[in-house]
């Protein structure tokens with residue numbers, strides 16, 4: 001059964017910005033990754049799902065209720081992390097969280113404490129004085145503390161250090177195991193790879209692809225940057241018949257589809273000083289997967 | 001229809017401002033009432049003789065030598081119009097537009113609380129503040145008069161005068177609140193919320209000042225508040241109060257509709 005359904009959603013901001021005839025649905029218990037470059041329309045879509053914006057055409061629904069008309073009843077079971085987090089600046093983190101719990105009429109505060117411990121957050125300072133990462137943690141606690149069955153997360157780990165990103169992934173995995181339905185926009189491949197069942201990519205307001213994460217992983221090509229002792233050996237290395245993406249001075253970027261042994265054999269014959277696998281963004285992986293047609 | 005947690009939060013956020021305005025009013029009330037002297041005329045009347053146009057512009061022309069007329073002229077022609085108005089401008093912006101501008105509105109609407117409940121609650125905060133300010137002025141006026149000139153003040157008519165000023169201030173706060181609900185940025189909300197009442201007030205000052213400019217009084221809602229008329233018990237003055245009150249209700253109702261239906265880019 002579909003929990004979140006988007007049908008023909010359109011909002012035209014002019015100059016090609018906005019979202020156009022967007023349709024997809026998310027099943028119960030599914031973790032759905034929502035990806036795309038900046039300005040592609042991810043946040044606009046999420047604002048429609050949250051009932052902040054009224055669709056020009058089409059509709060969004062959660063649990064069969066219209067996101068615009070029945071926003072207040074839907075919100076009972078929705079947790080949300082905004083892309084741009086802003087709280088009441090003059091409150092401390094804990095004041096804000098308990099304000100929110102009372103405002104939402106949340107029954108128990110037990111889960112709040114559990115989440116604070118998990119993210120090692122002691123929100124006694126004023127929100128205005130908090131770092132980006134601290135605010136993000138407060139935002140995460142605010143989204144999960146009422147134990148919602150649907151989670152809408154707009155770049156939930158931005159500003160978090162790798163350790164906390166990892167804690168967040170663990171939290172998502174737990175929630176996934178508990179059968180929560182999650183829509184998550186992200187830029188980090190590992191995060192999506194570890195958590196999501198399915199991924200959709202959106203570009204210029206249009207859905208260009210939806211696929212399972214497993215299919216994506218299988219098609220992923222790896223890039224390695226090989227640094228050699230000098231430019232002469234780099235120039236010779238390029239002529240070894242490998243798939244070369246780029247050369248800059250004494251370092252060569254090699255694309256490996258599936259045979260890593262071939263690369264290792266070649267490297268053995270050269271004065272290699274370093275090898276690294278640069279971080280690949282999800283968009284890059286998608287671009288390779290779909291042959292640059294996106 | 002009202003979220004008590006949000007209401008409490010709003011009152012916590014506005015009581016400091018309320019205190020400052022109450023202190024300013026207390027200062028003016030104490031100073032001006034102490035200048036009243038039924039026998040030899042007050043120092044303020046000397047001003048009126050020296051610069052009649054200026055004093056007329058700010059409504060400082062008492063209709064009679066009674067204490068209530070004195071207060072009506074020197075306190076309810078300028079001070080009780082302008083200070084509660086500034087209070088409304090500040091608080092109305094803070095309650096809605098500023099939250100939308102900063103993005104903290106997200107947390108108020110991403111909750112099982114209807115938008116109409118959010119606006120209605122914030123409206124209650126604004127009205128409570130304004131009511132408290134006018135009530136404070138009423139009690140203050142009575143107390144100061146009873147201490148300085150026991151038995152001189154007609155308390156019933158003074159209370160009616162304050163009811164009149166409350167109707168006017170609710171109307172003004174309705175304008176400020178509507179501006180706060182319409183605009184997504186504080187700067188525009190404040191420009192409209194302050195600009196419209198300020199312009200109306202300037203027109204009123206011009207209408208007060210001169211013979212030729214008197215017809216301007218039909219171009220400003222301030223004319224609907226007629227302190228001398230209220231004190232004299234004129235039916236038209238009470239009608240003006242009623243119109244202001246109905247107008248205020250209409251403005252607040254419109255604010256709720258506008259905010260509930262608008263797109264929030266937060």
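The values are calculated or read from the model by the stated rules, or taken from the named source; none is laboratory data. Keep in mind it's a predicted model, so treat the numbers as computed, not measured. As a convention, Cβ positions derive from the backbone with ideal geometry for all residues, glycine included, and neighbour counts pool all protein chains shown.
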Original post:
When the residues of the range B:220-252 are filtered to those that are part of a helix (DSSP H, G or I) and closer than 18 Å to residue B:192 by Cβ, which remaining residue is nearest to the other protein chains (Cβ to nearest Cβ)?
Top reply: B:252
**OP:** Could you identify the single residue in B:106, B:121 that is touching a helix residue (DSSP H, G or I) at 6+ places or on another chain (Cβ under 6 Å), within 14 Å of chain A (Cβ to nearest Cβ) and buried (at least 21 other Cβ atoms within 10 Å of the Cβ)?
**Re:** B:121
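Among A:212, A:185, A:246, which is the only one that is modelled with pLDDT of 85 or more and surrounded by fewer than 16 Cβ atoms within 10 Å (Cβ to Cβ)? Give the derivation first.
On the way: A:185 fails: surrounded by fewer than 16 Cβ atoms within 10 Å (Cβ to Cβ); A:246 fails: modelled with pLDDT of 85 or more.
From the options A:212, A:185, A:246, the qualifying one is A:212.
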Original post:
Which of (1) in contact with a helix residue (DSSP H, G or I) (Cβ under 6 Å, 6 or more places away or on another chain); (2) over 24 Å from residue A:285 (Cβ atoms); (3) free of Cβ contacts under 8 Å to residues at least 12 places away in the same chain does residue A:240 not meet, given it meets every other one?
Top reply: (3)
Original post:
Which ones in the range A:43-101 are under 17 Å from residue A:24 (Cβ atoms) and in contact (Cβ under 8 Å) with a residue 60 or more places away in the chain?
Top reply: A:43, A:44, A:45, A:46, A:49, A:50, A:62, A:63
Original post:
residue A:62: under 20 Å from the mean Cα position of the chain (by Cα) and within 27 Å of residue A:169 (Cα to Cα), yes or no?
Top reply: no
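So which helices (runs of 4 or more DSSP H) stay within the range A:95-197 end to end and still have 2 or more residues that are farther than 27 Å from residue B:112 by Cβ? Let's see the steps before the verdict.
Values: elements: A:110-118, A:132-144, A:162-177, A:189-195.
So the answer is A:132-144, A:162-177, A:189-195.
Out of all the residues in the range A:157-169, is one or more within 13 Å of chain B (Cβ to nearest Cβ), under 23 Å from residue A:49 (Cα atoms) and crowded, with 17+ Cβ neighbours inside 10 Å? Can you show your working first?
Filtering the range A:157-169 for residues within 13 Å of chain B (Cβ to nearest Cβ) gives none.
So far as the range A:157-169 goes, no, none of its residues is within 13 Å of chain B (Cβ to nearest Cβ), under 23 Å from residue A:49 (Cα atoms) and crowded, with 17+ Cβ neighbours inside 10 Å.
Taking residue B:25, is it surrounded by 17 or more Cβ atoms within 10 Å (Cβ to Cβ), at pLDDT 90 or above and under 23 Å from residue B:139 (Cβ atoms)?
Considered against the rule, which asks whether it is surrounded by 17 or more Cβ atoms within 10 Å (Cβ to Cβ), at pLDDT 90 or above and under 23 Å from residue B:139 (Cβ atoms), residue B:25 comes out as yes.
Do the conditions hold for residue B:30, that is, is it in contact with a helix residue (DSSP H, G or I) (Cβ under 7 Å, 6 or more places away or on another chain) and more than 19 Å from residue B:124 (Cα to Cα)? It would help to see each step written out before you state the result.
Values: in contact with a helix residue (DSSP H, G or I) (Cβ under 7 Å, 6 or more places away or on another chain): yes; more than 19 Å from residue B:124 (Cα to Cα): yes.
Considered against the rule, which asks whether it is in contact with a helix residue (DSSP H, G or I) (Cβ under 7 Å, 6 or more places away or on another chain) and more than 19 Å from residue B:124 (Cα to Cα), residue B:30 comes out as yes.
On the given criteria, is residue A:114 surrounded by fewer than 19 Cβ atoms within 10 Å (Cβ to Cβ), free of Cβ contacts under 8 Å to residues at least 60 places away in the same chain, more than 21 Å from residue B:115 (Cα to Cα) and more than 14 Å from chain B (Cβ to nearest Cβ)?
On the way: surrounded by fewer than 19 Cβ atoms within 10 Å (Cβ to Cβ): yes; free of Cβ contacts under 8 Å to residues at least 60 places away in the same chain: yes; more than 21 Å from residue B:115 (Cα to Cα): yes; more than 14 Å from chain B (Cβ to nearest Cβ): yes.
The answer is yes for residue A:114.
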